[in-house]
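To keep things clear, I will list the structure first and then write my remarks on it.
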Amino acid sequence: MNAHPEYRQRRVSLTGSWRYHVSMPEQKCVIVGASHAGTQLSLSLRQGGWQGRIVLLGDEPVKPYQRPPLSKAILSGEKSAEQIPIRPASVIENAGIELTLGQRVERIDRERKLLHLDDGETLGYDKLALTLGAYPSTIKLTGSDKTGVHYLRKLADVEQIRPFIGRGKNAVIVGGGYIGLEAAAILRQTGMFVTILEALPRVMQRVTAPVVSDFYERLHREEGVEIITGALVTSIEGENHVERVHCADGSEHDADLVIIAVGVLPHTRLAEEAGLDVEDGILVDEFAHTSDPDIVAAGDCTRHYNPIYRRRVRLESVQNAMDQAKTAASALNGDPQPYHALPWFWSDQYDVKLQIAGLSQGYDNIVQRGDPETGRSFSVFYFQGDRLLAVDAINRPGEFMMGKKLILNGTDIDKIALADESTPVKDLLGA
């Protein structure tokens, strides 16, 4: 038998007779982005039966690490980078994954199935996975390039911020979203004087109801943080190092450190330039396929259809990154499993854990369980008519878990009983 030289021939016995079995050449999957999604995808791909090479490329010079602790335990110095791996290095090595760090992909040649790297080299692939994550939204201000002005997304960002942390110093956080509030909490606990400048009328306005925003403003003020909403930053002043922040209303705020936390944007440049479908994220189907059948994508960089909410969503969460990565790996292994997970998120600030199940966008009424004006424990259930969309559970893990089940089950809910704390959680689930 004459086979193509790239094919491998193996002599096998079938029912006592011998013949040559011709198999396809070993396939190579390259994963661009050593993120939560990229690391999970590589491991799930191998566990799902992928026999070929798996190459995981990371543009940072450090092994894959968890991002949530950056604005918490890493910023405070409670933990080091070595203590927050996504998975132990031995797990990645034992799975036969070729981890390459400090390597950036500049261009994808889909026709030739080549990646052009920043060192001038090229890397071929049979299948490609894009787990590119997101990057911080930037603001153009006079003085935003001064020493002491930082964004917070990568481990290197935290390492650059830490020298400016010190008891009695002044920190200004531009942005009152999750990252800004978490950073403010940590910096305040180090003894810094902290001011949050939020351009919108309330903190976390894009993702929570006013009652939750009011609670977090109270929480931070009780801890000694100054929160100013409706604050439009116009410039950052100082000789070489930041000294103060100016706002449109003429106010000035002393600053030894400025952290800009005004959201993130999906990494889509590579996909766009390669001609993949992009719309506020790399568009993928329920199996994580892009518009190219040999390319999948997962994590913060993607936009996918969520059947629970019947619309396309782009999610910035570890849960989505990990679960969608498993879906992408299954598709690459020829066992496609549709992705339809319920989104969930969390945020730790001081002694308060916020757990969010579902997506609240589009809600028109809420039910409160507990008193948000006193203490630090309550829940808010978001409804569209009588349909439960989401729950924000503050220091109430049981109600977070209940909310997930109620949303997934589409259960009819007695709102009066839900608001009554004397009604046990298990009774609500039973109903």
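The values are calculated or read from the model by the stated rules, or taken from the named source; none is laboratory data. Computed from a predicted model, the values in this text were never measured in an experiment. With ideal geometry, Cβ positions are generated from the backbone for all residues, glycine too; neighbour counts draw on all protein chains shown. All accessible areas refer to the heavy atoms of the entire protein, side chains included, with ligands and DNA or RNA removed. Shrake-Rupley method; radii C 1.70, N 1.55, O 1.52, S 1.80 Å.
Of a type in the set (G, A, S), at pLDDT 95 or above, over 15 Å from A231 (Cα atoms) and in contact with a helix residue (DSSP H, G or I) (Cβ under 6 Å, 6 or more places away or on another chain) - does that describe any residue in the stretch 168-186? Yes, the stretch 168-186 has at least one match. Looking only at the stretch 286-297, residues that are within 14 Å of L332 (Cβ to Cβ) and in a loop (DSSP other than H, G, I, E, B) come to 6 in all.
Taking the stated definitions as given, is R396 open to solvent by 20 Å² or more (accessible area, probe 1.4 Å), touching an Asp or Glu at 6+ places or on another chain (Cβ under 8 Å), within 30 Å of E222 (Cβ to Cβ) and not aromatic (F, W, Y)? Answer is no for this residue. Among the residues of the stretch 402-427, those that are among the β-branched types (V, I, T) and in a loop (DSSP other than H, G, I, E, B) comprise T411, I413, T423.
Quick grid of which residues meet (1) assigned to a helix (DSSP H, G or I); (2) touching a Lys or Arg at 6+ places or on another chain (Cβ under 6 Å):
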residue: D300; (1), (2): no, no
residue: H304; (1), (2): no, no
residue: I308; (1), (2): no, no
residue: R312; (1), (2): no, yes
residue: L315; (1), (2): no, no
residue: M322; (1), (2): yes, no
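State all residues of the stretch 237-252 that are assigned to a strand (DSSP E or B) and open to solvent by 20 Å² or more (accessible area, probe 1.4 Å); if no residue qualifies, say none. Of everything in the stretch 237-252, those that are assigned to a strand (DSSP E or B) and open to solvent by 20 Å² or more (accessible area, probe 1.4 Å) turn out to be E237, H241, R244, H246, E252. For the structure I just gave you, tell me whether K326 is open to solvent by 50 Å² or more (accessible area, probe 1.4 Å), assigned to a helix (DSSP H, G or I) and either farther than 27 Å from L56 by Cα or of a type in the set (K, R) (or both). Yes: the conditions hold for K326. Restricted to the stretch 128-152, and to residues there that are polar (S, T, N, Q) and over 17 Å from the mean Cα position of the chain (by Cα), the residue that is least open to solvent (accessible area, probe 1.4 Å) is S144.
Would you be able to say whether some residue in the stretch 267-284 is assigned to a strand (DSSP E or B), open to solvent by 20 Å² or more (accessible area, probe 1.4 Å), touching a Phe, Trp or Tyr at 6+ places or on another chain (Cβ under 8 Å) and within 27 Å of V32 (Cα to Cα)?
No; the residues of the stretch 267-284 include none that is assigned to a strand (DSSP E or B), open to solvent by 20 Å² or more (accessible area, probe 1.4 Å), touching a Phe, Trp or Tyr at 6+ places or on another chain (Cβ under 8 Å) and within 27 Å of V32 (Cα to Cα).
Scanning the stretch 326-381 for residues that are within 16 Å of R396 (Cβ to Cβ) and of a type in the set (K, R), which turns out farthest from the chain's Cα centre (by Cα)? Residue satisfying both the conditions and the ranking: R369. Tallying residues that are in contact with an Asp or Glu (Cβ under 6 Å, 6 or more places away or on another chain) and over 14 Å from V211 (Cα atoms) within the stretch 351-383 yields 1. Considered as a group, the residues in the stretch 200-217 that are within 26 Å of I165 (Cβ to Cβ) and free of Cβ contacts under 8 Å to residues at least 60 places away in the same chain include one that is nearest to the chain's Cα centre (by Cα), and that residue is M204. Of the residues making up the stretch 331-365, just one is small (G, A, S), over 18 Å from M204 (Cα atoms) and buried (at least 19 other Cβ atoms within 10 Å of the Cβ), namely A331.
Matching residues to (1) touching a residue at least 40 places away in the same chain (Cβ under 8 Å); (2) closer than 17 Å to T138 by Cα; (3) within 25 Å of the chain's Cα centre (by Cα):
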position: K154; (1), (2), (3): yes, yes, yes
position: V174; (1), (2), (3): yes, yes, yes
position: I179; (1), (2), (3): yes, yes, yes
position: A185; (1), (2), (3): yes, no, yes
position: L219; (1), (2), (3): yes, no, yes
position: G224; (1), (2), (3): no, no, no
position: T234; (1), (2), (3): yes, yes, no
position: E239; (1), (2), (3): no, no, no
position: A248; (1), (2), (3): no, no, no
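In summary, T195 fulfils each of the numbered conditions (1) within 23 Å of S76 (Cβ to Cβ); (2) assigned to a helix (DSSP H, G or I); (3) of a type outside the set (G, A, S); (4) open to solvent by 10 Å² or more (accessible area, probe 1.4 Å) with the single exception of condition (2).
Candidates in the stretch 206-236 are the residues that are assigned to a helix (DSSP H, G or I) and aliphatic (A, V, I, L, M); of these, the one that is surrounded by the fewest Cβ atoms within 10 Å (Cβ to Cβ) is V211.
Note on the stretch 253-265: residues that are farther than 17 Å from Y178 by Cα and either in contact with a Leu (Cβ under 6 Å, 6 or more places away or on another chain) or assigned to a strand (DSSP E or B) (or both) amount to 3.
Restricting attention to the stretch 348-369, the residues being closer than 25 Å to R188 by Cβ and either part of a strand (DSSP E or B) or not charged (D, E, K, R) (or both) number 8.
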